[in-house]
1. Among the residues in segment 25-41, are any of a type in the set (Val, Ile, Thr), under 18 Å from residue 69 (Cβ atoms) and in contact with a helix residue (DSSP H, G or I) (Cβ under 7 Å, 6 or more places away or on another chain)?
2. Please work out which residue is nearest to the chain's Cα centre (by Cα), limiting yourself to segment 63-86 and to residues that are closer than 23 Å to residue 8 by Cβ, exposed (fewer than 13 other Cβ atoms within 10 Å of the Cβ) and of a type in the set (D, E, K, R).
3. I'm trying to understand the selection: among the residues of segment 36-79, which are of a type in the set (Phe, Trp, Tyr) and within 25 Å of residue 97 (Cα to Cα)?
4. Just need a number here: residues in segment 240-263 that are in contact with a helix residue (DSSP H, G or I) (Cβ under 7 Å, 6 or more places away or on another chain) and under 16 Å from residue 203 (Cβ atoms).
5. Just checking, does segment 187-199 include any residue being acidic (Asp, Glu) and in contact (Cβ under 8 Å) with a residue 60 or more places away in the chain?
6. For segment 192-211, which residues satisfy the criterion of being surrounded by 15 or more Cβ atoms within 10 Å (Cβ to Cβ) and of a type in the set (Ser, Thr, Tyr)?
7. Considering only segment 252-260, I want to know if a residue exists there that is at pLDDT 90 or above, under 27 Å from residue 145 (Cα atoms) and among the hydrophobic types (A, V, I, L, M, F, W, C).
Amino acid sequence: MEFKKREWPDVGDLVVATVVGITDYGAYVRLDEYDKEGLLHISEVASRWVRNIRVFVREGQKVVLKVLRVNAEKGHVDLSLRRVTKREKKEKILSWKQDRKADTLLRSASEKLNISFEEIYEKAGALIEKEFGELHEGLEKTAKEGVDVLLKLGVPNDIAVTLEEIAKERIKIPLVKVKGILELQCTKPNGAVLIKETLLKAQEIGESRGTNVRIYVVAPPKYRVEVSAEDYKSAENALEKVTKTALKSVAKIGGKGAFEREK
């Protein structure tokens with residue numbers, strides 16, 4: 001959150017920065033989350049010798065850097081690019097984007113309610129962050145589960161309702177996917193029709209709120225089952241329901257079946 005962000009980062013923090021100037025000895029950057037300037041020395045750009053720093057960074061580029069030293073009295077922040085792993089970079093960029101989005105959603109709610117950002121942060125944002133650690137996580141949960149998530153925290157009803165509306169409108173809930181192969185056989189004259197009915201029944205039973213089941217033929221008698229849900233637990237439960245229903249149903253019509261999970 002921009003409103004409650006610390007004035008200076010701590011040593012070891014990952015920060016998102018914009019390159020504002022390049023010299024022979026390094027690059028000057030603006031720390032986007034702190035509105036401070038820092039230095040990326042050429043020795044901290046890469047693990048190998050760097051002849052031309054512009055091969056690695058350019059003016060206007062967004063970079064993820066690690067804080068090496070902070071001198072608030074002199075206004076100096078020393079940073080490193082070479083000490084940031086690919087995973088750290090990916091996770092930091094995602095977190096930064098989520099923070100910015102959450103900040104925007106809160107500001108949209110304050111404008112819609114005609115109250116100041118400071119007021120809505122105090123009455124809602126601070127409570128959400130205290131409970132979930134991050135504002136975006138709390139708003140995402142609100143988008144999934146509804147206004148009660150906020151009301152239980154003590155967020156005033158009018159603010160909670162407005163935040164729920166905005167969160168559901170603008171936050172796309174990420175889905176996870178699990179899948180496997182069903183092999184179903186029935187030698188009866190109308191076996192193909194019976195198997196189709198079996199799969200439709202299994203699909204219907206597997207689907208629930210927030211869960212999507214897709215079954216399609218790979219090559220008879222093999223059918224791929226794909227289940228998408230908001231979390232792995234829900235997806236796994238749905239996949240289990242689908243496969244058990246299909247295997248039980250095909251056995252009842254005198255056929256046989258098997259299931260193999262795919263990674």
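The values are calculated or read from the model by the stated rules, or taken from the named source; none is laboratory data. These figures come from a predicted structure and were not determined experimentally. Neighbour counts run over all protein chains shown; Cβ positions are idealised from the backbone, glycine included.
1. Of the residues in segment 25-41, the ones of a type in the set (Val, Ile, Thr) are 29.
This time we only want the ones that are under 18 Å from residue 69 (Cβ atoms), so: 29.
Filter again for in contact with a helix residue (DSSP H, G or I) (Cβ under 7 Å, 6 or more places away or on another chain), leaving none.
Taking every residue of segment 25-41 in turn, none turns out to be of a type in the set (Val, Ile, Thr), under 18 Å from residue 69 (Cβ atoms) and in contact with a helix residue (DSSP H, G or I) (Cβ under 7 Å, 6 or more places away or on another chain).
2. So the residue we want is 69.
3. As a first pass, look at segment 36-79 and keep what is of a type in the set (Phe, Trp, Tyr): 49, 56.
Scanning segment 36-79 gives a single hit, 56.
4. 8
5. Of all residues in segment 187-199, those acidic (Asp, Glu) come to 197.
Next cut, in contact (Cβ under 8 Å) with a residue 60 or more places away in the chain only: none.
No: segment 187-199 contains no residue that is acidic (Asp, Glu) and in contact (Cβ under 8 Å) with a residue 60 or more places away in the chain.
6. Result: 198, 211.
7. Among the residues of segment 252-260, not one is at pLDDT 90 or above, under 27 Å from residue 145 (Cα atoms) and among the hydrophobic types (A, V, I, L, M, F, W, C), which makes the answer no.
Matching residues to (1) of a type in the set (S, T, N, Q); (2) over 30 Å from residue 121 (Cα atoms):
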residue	(1), (2)
160	no, no
164	no, no
180	no, yes
239	no, yes
243	yes, yes
249	yes, yes
